[in-house]
Structure formats: structure tokens, C-alpha cells
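Participant: Before I ask anything, here is the structure I am working with.
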Amino acid sequence: MKAGKALEQLVAAIQEYLGDNPDTHIERNAKLTDNAGLQREIDVFVQTKVQGGKIGIAFECKDYKSIVQVSVVEAFQSKCNDIPQIHKKIIVASNGFSSGAQSKANLYGIELYQLGNVPFNDIFLPNCDIYRNQCWVSLSTTYWVITEDGAPDLNPDKGIFCHANDQEVEMFGYLYKILHEHLPHMLPNIHNHLYSQHTNTSEVPLTITPPNKLYVIDINGDKHFVKEILIAVLVRVKTQLQDIAKQSVYTGVTEDSPSVRISEYKHDDRTSLLLMHGKDNWYSAFIKDEKGQLRKTILPSQPTKIK
């Protein structure tokens, strides 16, 4: 895949990660009709609904070895001005923009973004490889129960019971089963926790909402329904810095804007795993195949709470 096309696909993937509107449509190499009736190509075109109305966002992707010059900004402005479907204009560059390009972009209302690499020496990330299970998880036998009514004076020695049949629940097996089923969705947050602690082994606290209706009994014998269970898991992952292809940060140039950090992990089969993170602890994961094509693979419906 050509470098320019790879950047277009990455920008489209970043927009898919950032987009939290179900009415958002993302298209690469979009063909739009200008005022003269001619078909014009836009690298990445995002159409979404805002306050009941449709807006179109055009992305121009420049994977240049040098900085983007003012002529690129002027050409993009001219093309977008002639297409009524475009309401917002963005240029993304691999290696930044000249001061003249930034001044012209500011004049035209064009947002500038760049994709900068993080120096390799700054990388300290555990290799949370979801697909090869290079993650060892041990469940602590200690857990804490929070009831729906916040009841004090619980008697944990009497156990936790299933509301459906009033049978006591074997908690270690119950929690281990939940952890095993939901681990793929928890891994991105575990990854974030370990990264923040600069370690590849840590006890990670997790908050679990039980899928079954459970109750506990207080010292007076009264029932209280369980809202959440707090557990601690010991997580150990391989730290192999040589397996990390690169780290990049996608961020705005001319204004303060949210950044997206992209961690790329290499596999032996010439594929890569891309983890995108940086927005309220949300993650999205993409697989890059040996041809460089990206496909989305995991997007948790709700982030696991980490205390």
C-alpha cells in the first residue's frame, strides 16, 4: 500500500474511533459533485448529524517527507469552496506545516492536524496482545460488595446468594468466569493502568456489575441486593519493546485539541495490532493485515471502571 493511502486509512480509522454519533458515515476517496457538476475526490469525507442537521467534514491527507507548504492549503481551500456538501475542512500531515501554511489555514478556517512519532526511548508499554493471550491474570480471593441501598453492617461470612434460587454462590468460580468472559474488553483499560504505573505487573482494581441478581444478608438477617463487586486482579504481561513497531500521536497544530495516541504492535505473521486511546479512557482496536489494510476488531460497549 502506498504511504499516502495508508495515511488516509489511518485518518479514517481515527475518525471512526473518535466518532460517537451513530449517524456518522466515514468514506475514503469520496467522490463529491462541485458547483460545475464535476466529480471531485476527497481523501476522507465524514458526514454526521449535529442538532438535527447534516454537516460534511473533508480531510486532505499529506504523507510528505517534508513539511506541507502554503500551496497545498490554497489548493484544498479552492476545491472545498466549490463543493456545497463540505462545511468543515481539515488537513492531516505526517511531518507538520510551514508557518505560511499555518497562517493561510487560520485565515481560511482550515484545521491542521499532524501525526507525530513518539521517540522510541519514551516508550514503556506492556505488550497486551489480545490475540495471543500474552497476559497472565490471577484473581484475588478478596472482594468487596456494594449493595443497591448502600447497607452497612453486612455479614460476609453468611455468603452471597442468587436471587433466582436462593442458593449460595461460590464467589471465586463466579468471579473468575465473569473475568474470563470479559477479559478482552478489560484489556485496554488494564493496558492503560499498567502504562500509567510504568510496570508490566500490577494489582489492578476492577468494578464488576453482576450479570445475575445477587443478595447478601446483614447481621439482622435482612436481604440487600448487590449493585457492584469490587475485586483486585494481579496482571502480568510480557514487556517486549522490540515488538512495538511505533507509537504515534495525532494532535491539532494551531489550537488546543484532544490528541489520540496510537500504539502499534508487530506480530510474527506480518500483521499488527493498533490500539487507539486518549479520549476519556476509551479505546478502540484495529488489526493491520500484511497488506496494510485496517479493520476494526474491538470496541468495548462500556469501559470497565478502574478505581
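The numbers here are math on the coordinates, done by the rules we state, and not lab data. Keep in mind the model is a prediction, meaning the values are calculated, not measured. Please note: Cβ atoms are built from the backbone with ideal geometry, for glycine as well, and neighbour counts cover all protein chains shown.
Participant: Work out, step by step, the length gained on full extension between Asp166 and Val50: first 0.36 nm times the residue separation, then minus their alpha carbon distance; give nm to one decimal.
Facilitator: 36.8 nm
Participant: Extension gain Leu38-Lys65, at 0.36 nm per residue separation less the Cα-Cα distance, in nm?
Facilitator: That pair, Leu38 and Lys65, stretches by 6.6 nm at full extension.
Participant: Further question on the same structure: Compute the FRET efficiency between Thr142 and Thr271 as 1/(1 + (r/R0)^6), taking r as their Cβ-Cβ distance and R0 = 41 Å, and round to the nearest 0.05.
Facilitator: Given R0 = 41 Å and the Cβ-Cβ separation, E is 0.60.
Participant: To continue, here is another question. Under the 0.36 nm per residue contour assumption, what length would be gained going from the current alpha-carbon distance of Thr24 and Glu264 to full extension?
Facilitator: Stretched out fully, the Thr24 to Glu264 stretch lengthens by 83.8 nm.
Participant: Step through the table entries Lys31/Lys288; Lys62/Lys296; Lys79/Lys266; Lys65/Lys288; Lys104/Lys291, compare each Cα-Cα distance with 31 Å, and write down the pairs that go over it.
Facilitator: With Cα atoms farther than 31 Å apart: Lys79/Lys266; Lys104/Lys291.
Participant: Then there's this: Once both labels are modelled 7 Å past Cα along the beta-carbon direction, what's the Asn106-Glu181 spacing in nm?
Facilitator: Label at Asn106, label at Glu181, 5.5 nm between them.
Participant: Hey, got a sec? Which trypsin sites (Lys or Arg not before Pro) in region 1-91 land in a DSSP loop and have at most 15 other Cβ atoms within 10 Å?
Facilitator: Taking region 1-91 and a limit of 15 other Cβ atoms within 10 Å, the loop trypsin sites (Lys or Arg not before Pro) found are Lys2, Lys65.
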